[in-house]
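Presented below is the structure to which this report refers.
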Ligand SMILES: Cc1cc2nc3c(=O)[nH]c(=O)nc-3n(C[C@H](O)[C@H](O)[C@H](O)COP(=O)(O)OP(=O)(O)OC[C@H]3O[C@@H](n4cnc5c(N)ncnc54)[C@H](O)[C@@H]3O)c2cc1C
């Protein structure tokens, strides 16, 4: 008889892990505080090795049928500086989280997983329990309050599949979605609490007057129901081997959103956890052994990437460093490919 595994958090990491374990016959119960389908604050741009994880788990074709698109180019804007549309060294996937999370949840259930939507876990994270609860909230990081906003819109014409606009308080990504809509998602920082976000989110996502972002969003027809926000983000890299719990996805560590690699890390960390957890379930590995193996694999895979991404994120918030980055990205294929490769 196999030992069962409990996964707390039915986001991308939890669901992917649950699917992988069910494919190996492991009994899985998943607790999810929310319900499906639901919008999430996310650029909805999947870039990096997570695509290979999805393919190896046999999920890519089904997702493509459900409405996953492909992105092959990106353009960057900061004030009057712009980097015209450039081919991405490796194509990304674009998909609404409204579609993606629900599709994975259905797949988990189809494979016999027990899903408990609307159920928040309040217990300990001991033997057999995996934390996939997403980001850990930290109201202030290094003196800044980081928050994210996102909404879907129509009537937005883009010069590339992904446009990144750098504004004084952060950055906004505009990503083409299958079906003709555009996802508009921003990460911002502020020294003080920002009031009225629920009313003023269009101003934040619309950028400063006279900016390219402002002109892009001027005629946008927002899908009001898709608006969501998140605050208390912490982008300080964490090491899995320093944790006492078994963690996957953002619960482990969060990579700066500008990389478009957070979802990929959720898929990758879930995939790295499948084999050790299956061995635990079959009685071939102790819980501590499985936890240690997963943490070691995650640190080996993610530590260099997190270091580069933290460096890029810091540079993007300093006008001079950002200008140098954009200059080099526009003129040097070697630099563009190097930065792209090292942050994913
Ligand atoms: C502004 C912004 C833009 C981003 N843009 C991108 C992008 O373009 N590309 C990209 O790849 N990534 C992006 N990301 C990151 C990406 O959204 C995350 O990395 C990804 O969602 C992580 O998945 P996860 O499963 O770890 O966490 P989540 O998707 O957050 O899922 C965690 C789940 O756990 C549940 N939960 C939490 N606590 C409990 C509990 N106690 N009991 C039960 N359930 C619980 C929650 O309800 C939630 O469903 C962005 C993030 C931000 C903030």
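Each value in this text was obtained by applying a stated rule to the coordinates, not by laboratory testing. These figures come from a predicted structure and were not determined experimentally. All Cβ positions, glycine included, derive from the backbone under ideal geometry; neighbour counts span all protein chains shown.
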Please give the peptides 117-127, 201-211, 167-177, 266-276 ranked by average Cβ packing (other Cβ atoms within 10 Å per residue), highest first, as a rough proxy for protection.
-> 266-276, 167-177, 201-211, 117-127
When the chain is fully extended, how far beyond the present Cα-Cα distance does residue 158 get from residue 333, taking 0.36 nm per residue of separation?
-> 60.8 nm
Can you tell me the Rg and Dmax of the stretch 131-203, counting just the alpha carbons, in angstroms?
-> 14.3, 40
With Cα atoms, 0 to 90° folded angle of helix 262-281 axis to the chain main axis = 10 degrees
Starting with the fewest neighbours, write out 263, 30, 1 ranked by other beta-carbon atoms found within 10 Å of each beta-carbon.
-> 1, 30, 263
Fewest to most Cβ atoms within 10 Å: 81, 253 sort as 81, 253
Enter the angle in degrees (range 0 to 90, nearest 10) between the Cα long axis of helix 333-342 and the first principal axis of the Cα atoms of the chain, meaning the one along which they spread out most.
-> 30 degrees
Which percent, to the nearest 5, of DSSP beta bridges fully inside the chain are antiparallel?
-> 70 percent
Against the longest alpha carbon principal axis of the chain, how many degrees, from 0 to 90 and to the nearest 10, is the axis of helix 319-331 turned?
-> 90 degrees
Relative to the present Cα-Cα distance, how much length would full extension add between residue 65 and residue 239 at 0.36 nm per residue of separation?
-> 59.0 nm
Mind putting together the pair-distance distribution for the stretch 197-277? All Cα pairs, 5 Å bins, whole percent per bin, short to long.
-> 3, 11, 16, 16, 15, 13, 10, 9, 6, 3, 0
If R0 is 30 Å, what FRET efficiency do you get for residue 4 and residue 178 from their C-beta distance, rounded to 0.05?
-> 0.25
So between residue 202 and residue 282, what do we pick up on full extension, going 0.36 nm a residue minus the alpha carbon distance?
-> 23.7 nm
If each residue's Cβ is checked for other Cβ atoms within 10 Å, how do 279, 32 rank with the fewest at the top?
-> 279, 32
With springs only between Cα atoms under 10 Å apart, run a GNM on the chain and tell me which of 99, 68, 194 wobbles the most.
-> 194
Cα-based shape type of the stretch 2-148, given that a ≥ b ≥ c are square roots of the gyration tensor eigenvalues and the cut on a/c is 1.5 = oblate
Choose one answer from 242, 199, 64: the residue with the largest mean-square fluctuation in a GNM of the chain with alpha-carbon springs under 10 Å.
-> 199
So what is the 222 nm mean residue ellipticity for the chain from helices alone, if each DSSP H run of at least 4 adds -39500 (n - 2.57) and you divide by all residues, rounding to the nearest 500 deg cm²/dmol?
-> -12000 deg cm²/dmol
Return, for the Cα atoms of the chain, the radius of gyration and Dmax in Å, separated by a comma.
-> 19.8, 65
